[in-house]
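Structure, as structure tokens:
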Amino acid sequence: MTETLQPQTPDQLLEVIAWANAENATLNVRGFGTKLGLGEAVEASHMLDMSTFSGIVNYEPEELVLTLGSATPMAELENLLAENRQMLAFEPQDWGWALGRESASGTIGGAMMVSSNGPRRFKAGAARDHLLGLKAVSGRGEAFAAGGRVVKNVTGYDLSKLMAGSYGTLAAATELTLKVLPAPEKTYTLLVYGLDVEPAMALMRALANTPYDVSGLAYVAAHTASLSSVSYVRDRQMSVLGARIEGLQISVHHRLQALKEMLTGAQEIDELRTHNSVAFWQEVRDIKLLPNLAGDVLWRVSAPPSAAASIVAQCQPDHWVADWAGGLIWLHYDRADAGQAEVVRTSVQAGGQAMLVRAPDDLRNAIPVFQPLPQGLATLNRRVKENYDPNGVLNPGRMGV
Amino acid sequence: MTIIDVDHDILAKRDVLISRLEQILPSDCLLCHEDQLRPYEADAQTMHKQTPMAVVLPETTEQVSATLALCNELGIKVVPRGAGTGLSGGALPLADGVLIGLAKFNNIVDIDYDNRCVVAQPGVTNLAISDAVRDDGYYYAPDPSSQIACTIGGNVAENSGGVHCLKYGLTTNNVLGVEMVLMTGEVVRFGGKHLDADGYDLLGVITGSEGLLGVITEVTVRILPEPETVRALLLGFNSCEDAGACVGAVIAEGIIPAGMEIMDRLTIDAVEDYCHPGYPDAEAVLIVELDGPAAEVDYLIERVTALAEENSATSISTSQSEEERLRFWQGRKAAFPAVAQLRPDYYCMDGTIPRGKLPEVLARMSEMAAEKDLLVANVFHAGDGNLHPLILYDANVPGEMAKAEELGAEILKLCVAVGGVLTGEHGVGTEKRDLMPEMFSEADLEHQQRVKCAFDPEGYLNPGKVFPTLHRCAELGRMHIHRGQVPFPDLPRF
Ligand SMILES: Cc1cc2nc3c(=O)[nH]c(=O)nc-3n(C[C@H](O)[C@H](O)[C@H](O)COP(=O)(O)OP(=O)(O)OC[C@H]3O[C@@H](n4cnc5c(N)ncnc54)[C@H](O)[C@@H]3O)c2cc1C
């Protein structure tokens, strides 16, 4: 079995990475290891367990800033924020269900490094937009800090952005500083039933373009909706479009009304109040609306919203959910099929990317998990990797660059 | 100040350079005479000036590419420039370099409401993007005060902000994609109309890279639907500290206004003389702008009014019409030119501090200014702690400019000392370059430069900016490896 090394201090982490460089060792970097299934499989000589770097370092709710150890459990962080009526606006996805693990078991560092962006992403930004600074040890075995503790900062290069979404292939982060925001007082969702794909996608784009600050826009096909735990979504045997409105009670009512007035009146509608609303958006966020079966295949597609209907038509998934007003599509196939991957990848060729999340090993090993990059971009990605981790010590191969 | 040592061998290649440039560019795209170069000798940080060997004003990506490839071949440095409104010397030319101006790239390429974005050439001004979509009810959120003049390419290079970034973010939070020409002439696209990064988030580091990584030739930005209602409060206080406490109270209530701006007495008096916005007679003025659905805005106006009362506001007025709201802003928007009337010159600083440190920093700043016998007018983006102290001086009084620069540096060091940063939106450029070690260790700066090494390993693009020490990439690449020690005997392993 692979030996696991668990540094207790940043200095020890530094020693481990320096040692790996000297001894041609390779390290599979993990927080609690809940996302090891994401990205390309890593073959490393050792596990680097970061779980010691945990705990709140500094939280100033009135400054909207929080500094914490990178391996702080997501659950602990979310409880703390909830106590202070604050939140991470990028709404980090819980990958537990999708990757066949327990839910709410990951770390903030993991969420940041795989860029776990939830339904609010199209309005409030991604993980990277909420990372203000960090401390880390790069693959070179050198400690460095980046960014700062204030939101407005253009001092030097924004390495926080580079690290967010880097799957631990450039540096192992010990400490993160996050931007936090006030949590909404109320969360309601307008449901529109029975729309076909094209009109549904068009309506989502139209709703995103209203001044009503819609903070979630998802569409669930009829037979996928039947898998929901929320009765309003599950029981009508129709497709469901959800439009989320959050904020002050008085404003939520007003905006919900305004959205209803936009509809022609022909559609069947309903609304979810706070409790059901939260449950529905968690299902969307954590892709619990899609089955998780032995031998199945799950793709995550990020593309221009206007391409959504055509992507779905080309890919013919067994189940699917569109989020981000059509900018994110989860495609589910009950089983792997020759040519499927080719079709999915081709569907986003005009702009966008398809990431293979879950598949039987033979498929996963046969094709790149991430959308292959055009040559110029691929070269730059490789050079960035070589600059931060010249010996390929950290998570070799995980991003496929 | 020396930006970077001049290479005389390169100066000697000037004729070769010009004749080769003539082969790749139409004649009206190349400027080489002294009087043609003069307008490009500085950006809006005018304390230092330098003319380049030549100014190139290309019209197409192919011309940019050919120019860069040529300079790369000849080993000539290149400084990109947008509108030259930068306040940190980022577009300051190099005596032995070529300045490449993007002013002719001034077309909007695509307005795409379906995907809520605009694709623009880099020389399009910030305001022109909003103007292009306003009739359809949209706008581009980051709004630097220079928005009539500054370019979207410059905004990306500086990661510019504005009064509305408190709620809507800086440029980096609103850019979806760029096309960039690398020093080799190669054209690479980053991002696009989709939201997730392809590979590493290189768009994230390009934004704010100050022209050191490549020349941006196209930008895709996210646009937003205009809010239903916008209203502002104009609040007077007995001190900036009281105004600052009010800002803290608003945020502690969970309210994120569209903007919160403070001006101090000196600024208030200057703008009253300059454009008569009708500000209250107060030691500090705070403008709070709220946007959203009418019902929400009206309700928040009431809440903020109550908070202002609790925080000892001496006067409270609420805009009752769009004209009145614009009048509240008129003084803030004219703050820089108004303050410029007080003394022949002013020097604009841009540090950010944790909001709670405002009283401490203000007190220290006025002591430091008094010690130097200089006046400082204060304007802040108070919601996010971004200060703009304007140091007043007269460049014709011997020694005063140097004193102003010293005071500026001391103020920025103070910002860092209280947990803040050197620059919130204007960039490092040449101006704050040598202060970088206040905030970053040598290793931190080296890790930033590694991005540069990935994009421009020879270091031809805009050298002398941002980084106090220019390491050669080969030297940065070297690793110090110690083999054969018994590693970490105390480390838990399982
Ligand atoms: C009165 C006044 C008010 C201001 N208010 C604000 C404010 O509120 N907020 C704020 O953030 N800034 C403000 N600024 C600063 C300035 O306007 C911004 O930094 C702006 O983004 C600069 O744009 P520019 O086109 O003038 O760029 P330039 O000054 O020409 O260049 C700035 C930097 O960008 C690089 N660059 C420019 N174009 C490109 C390109 N196409 N490709 C690669 N690199 C490029 C240059 O090399 C340089 O390093 C203000 C300036 C003035 C004079």
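The values are calculated or read from the model by the stated rules, or taken from the named source; none is laboratory data. Given the structure is predicted, the values throughout are model-derived calculations rather than measurements. When we count neighbours, we look across all protein chains shown, and the Cβ atoms used for this are built from the backbone with ideal geometry, even at glycine. Only protein heavy atoms, including side chains, enter the accessible area calculation; ligands, DNA and RNA are left aside. Shrake-Rupley method; radii C 1.70, N 1.55, O 1.52, S 1.80 Å.
Just a few scattered comments:
- Qualifying position, being modelled with pLDDT of 95 or more, more than 30 Å from B:Leu74 (Cα to Cα) and of a type in the set (Phe, Trp, Tyr), among B:Phe467, B:Phe440, B:Phe488: B:Phe440
- Residue match in the stretch B:425-437 (condition: free of Cβ contacts under 8 Å to residues at least 40 places away in the same chain and either out of contact with any helix residue (DSSP H, G or I) (no Cβ under 8 Å at 6 or more places or on another chain) or basic (Lys, Arg) (or both)): yes
One line per residue, one yes/no per condition, for (1) at pLDDT 95 or above; (2) within 14 Å of chain B (Cβ to nearest Cβ); (3) surrounded by 21 or more Cβ atoms within 10 Å (Cβ to Cβ):
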| position | (1), (2), (3) |
| --- | --- |
| A:Ile269 | yes, no, no |
| A:Arg273 | no, no, no |
| A:Trp281 | yes, no, yes |
| A:Arg285 | yes, no, yes |
| A:Leu298 | yes, no, yes |
| A:Ala307 | yes, yes, yes |
| A:Pro317 | yes, no, yes |
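Each row is one residue, and each column tells you yes or no for (1) surrounded by fewer than 23 Cβ atoms within 10 Å (Cβ to Cβ); (2) away from chain B (no Cβ under 11 Å).
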| residue | (1), (2) |
| --- | --- |
| A:Gly326 | no, no |
| A:Ala350 | yes, no |
| A:Ala354 | no, no |
| A:Val357 | yes, yes |
| A:Asn365 | yes, yes |
| A:Tyr388 | no, no |
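- Residue in the stretch A:146-162 that is more than 9 Å from chain B (Cβ to nearest Cβ) and open to solvent by 10 Å² or more (accessible area, probe 1.4 Å) present: no
- Residue ranges of helices (runs of 4 or more DSSP H) in the stretch B:185-278 with at least 2 members more than 15 Å from the ligand (Cβ to nearest atom) and within 7 Å of another protein chain (Cβ to nearest Cβ): B:240-252
- Residue within the stretch B:178-198 that is among the small types (Gly, Ala, Ser) and under 30 Å from B:Tyr346 (Cα atoms) present: no
- Verdict on A:Asn391 being within 30 Å of B:His447 (Cα to Cα) and over 23 Å from the mean Cα position of the chain (by Cα): yes
- Whichever residue in the stretch B:153-168 is part of a helix (DSSP H, G or I), near the ligand (Cβ under 8 Å from one of its atoms) and of a type outside the set (Gly, Ala, Ser) and, among such residues, is most open to solvent (accessible area, probe 1.4 Å): B:Glu158
- Test: residue in the stretch A:375-383 that is within 19 Å of the chain's Cα centre (by Cα), open to solvent by 40 Å² or more (accessible area, probe 1.4 Å) and within 14 Å of chain B (Cβ to nearest Cβ): no
- When residues of the stretch B:171-184 are limited to those that are open to solvent by less than 10 Å² (accessible area, probe 1.4 Å) and in a loop (DSSP other than H, G, I, E, B), the one farthest from A:Trp324 (Cα to Cα): B:Met183
- The condition of being open to solvent by 10 Å² or more (accessible area, probe 1.4 Å), in contact with a Phe, Trp or Tyr (Cβ under 9 Å, 6 or more places away or on another chain) and not small (Gly, Ala, Ser) holds for A:Val114.
- The residues in the stretch B:426-453 that are among the small types (Gly, Ala, Ser), within 8 Å of chain A (Cβ to nearest Cβ) and crowded, with 24+ Cβ neighbours inside 10 Å can be counted, and the count is 1.
- Residue pairs whose Cβ atoms lie under 8 Å apart, separated by 6 or more positions or on different chains, with the first residue in the stretch A:357-368 and farther than 25 Å from A:Asp94 by Cβ and the second outside any helix (DSSP H, G or I) and open to solvent by 30 Å² or more (accessible area, probe 1.4 Å), are A:Asp362/A:Ala336; A:Asn365/A:Ala41; A:Pro368/A:Glu40; A:Pro368/A:Gly400.
- Of all residues in the stretch B:155-208, those that are among the acidic types (Asp, Glu), within 21 Å of A:Phe122 (Cβ to Cβ) and within 14 Å of the chain's Cα centre (by Cα) total 0.
- Scanning the stretch B:63-80 for any residue that is over 21 Å from B:Ile10 (Cβ atoms), away from chain A (no Cβ under 14 Å), touching a helix residue (DSSP H, G or I) at 6+ places or on another chain (Cβ under 9 Å) and more than 12 Å from the ligand (Cβ to nearest atom) turns up at least one such residue.
- Residues within the stretch B:373-394 that are within 24 Å of the chain's Cα centre (by Cα), away from chain A (no Cβ under 14 Å) and farther than 18 Å from B:Ala338 by Cα, tallied: 0
- When residues in the stretch B:91-118 are screened for being within 14 Å of another protein chain (Cβ to nearest Cβ) and either among the hydroxyl-bearing types (Ser, Thr, Tyr) or open to solvent by 10 Å² or more (accessible area, probe 1.4 Å) (or both), 7 of them pass.
- Entirely in the stretch A:280-347, the strands (runs of 3 or more DSSP E) that have 1 or more residues that are more than 23 Å from A:Ala366 (Cα to Cα): A:319-323, A:328-333
- Residue check for B:Thr423: at the interface with chain A (Cβ under 10 Å from one of its Cβ atoms), in contact with a Lys or Arg (Cβ under 8 Å, 6 or more places away or on another chain) and among the hydroxyl-bearing types (Ser, Thr, Tyr): yes
- Selection within the stretch B:96-110 - over 15 Å from B:Val178 (Cα atoms) and charged (D, E, K, R): B:Asp96, B:Lys104
Residue-wise test of (1) in contact (Cβ under 8 Å) with a residue 24 or more places away in the chain; (2) within 26 Å of A:Pro182 (Cα to Cα).
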| site | (1), (2) |
| --- | --- |
| B:Ala232 | yes, yes |
| B:Ile256 | yes, yes |
| B:Cys275 | yes, no |
| B:Glu302 | no, yes |
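- If you filter the stretch A:135-145 down to residues that are open to solvent by less than 10 Å² (accessible area, probe 1.4 Å) and more than 7 Å from chain B (Cβ to nearest Cβ), you find that the one that is nearest to the chain's Cα centre (by Cα) is A:Ala136.
- Elements of type strands (runs of 3 or more DSSP E) in the stretch A:9-80, at least 1 residues being open to solvent by 30 Å² or more (accessible area, probe 1.4 Å): A:27-30, A:46-49, A:56-60
- Enumerated helices (runs of 4 or more DSSP H) restricted to the stretch B:1-56, each holding at least 3 residues that are surrounded by 13 or more Cβ atoms within 10 Å (Cβ to Cβ) and of a type in the set (Ser, Thr, Tyr): none
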